[in-house]
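Novice: Quick one: this structure, given as structure tokens, is what I'll be asking you about.
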Amino acid sequence: MVKAYNGLSFIVKLVLQIFLGYFVSIIYRIARLLEKPELGTVIGLILSFFAVFWIVDLITIILTGKITILA
């Protein structure tokens with residue numbers, strides 16, 4: 001799932017993050033954790049449950065084109 005999400009175009013990721021960012025952040029980190037378990041991903045998953053953290057993901061998508069902070 002992570003590869004599928006990262007393969008989406010920038011505009012699609014941006015729209016998903018704006019409208020469904022809270023859920024996308026949680027689902028992305030769960031999928032990432034299942035693929036590659038790391039402490040940073042666990043911390044990111046816990047922080048994703050806070051509604052404000054999707055803004056961090058939105059900024060990283062705008063700057064880098066993918067979710068990078070704690071993922």
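Novice: Note the full-extension length gain between residue 38 and residue 15 as 0.36 nm times their separation in residues minus their Cα-Cα distance, in nm to one decimal.
Specialist: My answer for the length gained is 5.5 nm.
Novice: Can you pull the percent of the chain's accessible area that's carbon plus sulfur, 1.4 Å probe, other chains left in place?
Specialist: Here it works out to 79 percent.
Novice: Sticking with this structure for a sec: Using Cα springs under 10 Å in a Gaussian network model of the chain, which residue among 46, 61, 27 shows the largest mean-square fluctuation?
Specialist: 46
Novice: So what is log10(I(q)/I(0)) for the chain at q = 0.16, 0.27 1/Å, when the Debye sum runs over its Cα atoms only?
Specialist: One equal scatterer on each Cα of the chain leads to -0.46, -1.34.
Novice: Keeping every protein chain present and rolling a 1.4 Å probe, give me the accessible area per residue for the chain in Å².
Specialist: I get 61 Å² per residue for this part.
Novice: Identify all aspartates and glutamates with a Cα-Cα distance to residue 13 below 19 Å; exclude those on the same chain that are fewer than 8 residues away in sequence.
Specialist: Within reach: 57.
The values are calculated or read from the model by the stated rules, or taken from the named source; none is laboratory data. Quick caveat, the model's predicted, so the values are computed rather than measured. Please note that ligands, DNA and RNA were not included when accessible areas were found on the heavy atoms of the full protein model with its side chains. Shrake-Rupley method; radii C 1.70, N 1.55, O 1.52, S 1.80 Å.
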